[in-house]
There are 2 protein chains.
Amino acid sequence: MDKTYLIKQLKELSDRFHLGIPEAAIEKAISFSRFKVYSKGEMIGRSGDNAETAGIVLSGVIRSYYVDKDGSDITQYFAPEGSWCIDSGMVGFDEMQANWEALEDTTVMLFDVKDMKNLILGDEWLKNIWIMSLEGGMRYKIYRENGFLVETATERYIAFRKRNPELAERVPLRYIATYLGITPESLSRIRSAMRE
Amino acid sequence: MDKTYLIKQLKELSDRFHLGIPEAAIEKAISFSRFKVYSKGEMIGRSGDNAETAGIVLSGVIRSYYVDKDGSDITQYFAPEGSWCIDSGMVGFDEMQANWEALEDTTVMLFDVKDMKNLILGDEWLKNIWIMSLEGGMRYKIYRENGFLVETATERYIAFRKRNPELAERVPLRYIATYLGITPESLSRIRSAMRE
DNA sequence: GGCGCGCATTGATCTATGTTAAGTCACTGT
DNA sequence: ACAGTGACTTAACATAGATCAATGCGCGCC
């Protein structure tokens, strides 16, 4: 894969999210990473897999999902460009917690958690960025927890569209439904009720 | 308040959770902190309050809760000894996200988020501990999110008791109910069904 | 240009949980 | 001892959302 192009793409992501990642760090990360293109529908990782590998989405969207006891799948998270993916190991899990599937043709930067953690923890600036990323993750999970505790499904749907206007267009409704903790049928009814 | 005693108590917490916090850092933290005893039922903070103050529970238990549109309160979290509390500011919120109430007579160490963040971010070791704490927070929130997505209320209750045997005895059932996302009546039914 | 196939929708029915209300029991203060 | 209060339970009924089944519909494919 073209290294100059990758550096450019990573720098763009860094800029887009105002991360200010030093170019040297980007090159270092590239040096221990593999880059892989997944086509729509392909699996990036599975629940229970060893979590020593993690990744960052460079283009496309990945969905993570659980499979419940009846075998139906339930969306946990959507990871568009710039997001971490198959990242259980990054927060200290030994095993992948969910399944990860490409919803579009997707390019992913893959690396050993160990290498990425060494890079991050060995650099003051990156460590601060990692802290910001974790704090942002906590804010997001608190927001989501609040939704399950105090909001109705309809409110969660409205909030989701407001917060992710782009994703709401980009991913199939049935995945949004299970992400909101309801069935596709229920979401369909909510949408039809909203039309009036 | 007796400083030697506080240092001892904080060191015990540090040991209990294998944090290895340097004694100098503990003394520094104490120097910019206030210590306050809340009696059972007292409020430590309210949703919407400025989040520039945060705290750590030294003894007792605090409960954080939301108030929904009908005015009923819904438990978000239980913070026993060693936990952060009124900590929205620590993860970057401007405003307190929830209400915080002492469930027992409780001693809390209170400080400015700014001071604590300066201390943490200025010390390599503390920064690593903060990262560990955030990663642990993410694992906890992922576990909880998974519960809402794939488990029934009964399963969440069983898991809660398994994970927090001590808290399950220590806090009123009605708070456990809303923490699980159900009403006290529903929990009562679940418990009665489990008795058979 | 029709055919097959996901996906979304709709309808009928079912179920877990919410709501309202009342009952029991333990504890508290007088 | 007793009234008052708070915590949990129980019961009857209501409802959001699930489940099951059928239909519609857009789109790629031959």
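Loop sites only, by DSSP: take the trypsin sites (Lys or Arg not before Pro) in chain A that have at most 12 other C-beta atoms within 10 Å and name the longest stretch containing none of them.
Details: sites that count: A:40, A:69, A:195.
Counting at most 12 other Cβ atoms within 10 Å as exposed, the longest clean stretch of chain A is A:70-194.
Lys/Arg Cβ at +1, Asp/Glu Cβ at -1, dipole of the protein assembly as shown taken about the Cα centre: which of B:148, A:159, B:182 is farthest positive-ward?
Of the candidates, B:182 comes out farthest on the positive side.
Which one of B:171, B:37, B:150 has the biggest mean-square fluctuation once chain B is modelled by GNM with Cα springs under 10 Å?
Among B:171, B:37, B:150, the largest mean-square fluctuation in the Gaussian network model of chain B belongs to B:150.
Give me the distance in nm between label points sitting 7 Å out from Cα along the Cα-to-Cβ direction at residue B:121 and residue B:170, one decimal.
In this crude spin-label approximation the distance works out to 3.2 nm.
Where nothing but the Cβ of Lys and Arg (+1) and of Asp and Glu (-1) is charged, how large is the charge dipole of the protein assembly as shown around its Cα centre, in debye to the nearest 20?
520 debye
Just the ratio, please: alpha-carbon radius of gyration of region B:35-75 over 2.2 N^0.38 Å, N its number of residues.
Cα Rg divided by the expected 2.2 N^0.38 Å: 1.31.
How large is the helix-only mean residue ellipticity at 222 nm for chain B, computed as the sum of -39500 (n - 2.57) over DSSP H runs with n ≥ 4, divided by its residue count, in deg cm²/dmol to the nearest 500?
Details: 8 runs with 94 residues, N = 196.
The helix-only estimate for chain B comes to -15000 deg cm²/dmol at 222 nm.
Would you mind getting the Kirkwood hydrodynamic radius of region A:3-150 from its Cα pairs, rounded to one decimal in Å?
16.0 Å
To the nearest µm²/s, what D does Stokes-Einstein give for the protein assembly as shown at 10 °C and 1.306 mPa s, using the Kirkwood radius over alpha carbon pairs as Rh?
70 µm²/s
Suppose every Lys and Arg Cβ carries +1 and every Asp and Glu Cβ carries -1, with no other charges. What dipole size does region B:3-150 come out with about its Cα centre, to the nearest 20 debye?
It works out to roughly 260 debye.
Please provide three numbers in whole Å: the alpha-carbon extents of region B:69-196 along the principal axes, with the largest listed first.
If we take the Cα atoms of region B:69-196, the spans are 56, 28, 27 Å.
Put a point 7 Å out from Cα along the line to Cβ at residue A:3; what are the distances to that point in the other copies, in nm, shortest first?
The projected label point of residue A:3 is separated from its counterparts by 5.6 nm.
Could you check the simple spin-label distance between residue B:8 and residue B:42, using points 7 Å along Cα→Cβ, in nm with one decimal?
Taking the two extended label points, one gets 2.3 nm.
For label points placed 7 Å from Cα toward Cβ, what is the shortest-first list of nm distances from residue A:188 to its copies?
In ascending order, 3.9 nm.
Given a 10 angstrom Cα cut-off, can you work out which residue in B:29, B:168, B:177 is the most mobile in a GNM of chain B?
Per the Cα network of chain B with a 10 Å cutoff, B:168 tops the list.
Which whole number gives the average count of other chain Cβ atoms within 10 Å of the Cβ atoms across peptide B:145-156? Let's see the in-between values first.
On the way: counts 9, 5, 1, 6, 12, 12, 2, 2, 0, 0, 1, 0.
Mean shielding count: 4.
So the label point sits 7 Å from Cα along the Cα-to-Cβ vector; using that for residue A:143, what distances do you get to the other copies, in nanometres, sorted shortest first?
Reported distances to equivalent positions: 2.5 nm.
Would you please give the FRET efficiency between residue B:23 and residue B:132, computed as 1/(1 + (r/R0)^6) with r the Cβ-Cβ distance and R0 = 22 Å, to the nearest 0.05?
E(calc), rounded to 0.05, equals 0.70.
Pick from B:142, B:182, B:86 the residue whose mean-square fluctuation is largest in a GNM of chain B, springs joining Cα atoms under 10 Å.
In the Gaussian network model the winner is B:142.
Throughout, read-outs are computed from the coordinates displayed, never taken from laboratory work. Bear in mind that the values here come from a model prediction, so they are computed numbers and not experimental data. Cβ atoms come from the backbone with ideal geometry, glycine included; neighbour counts cover every protein chain shown.
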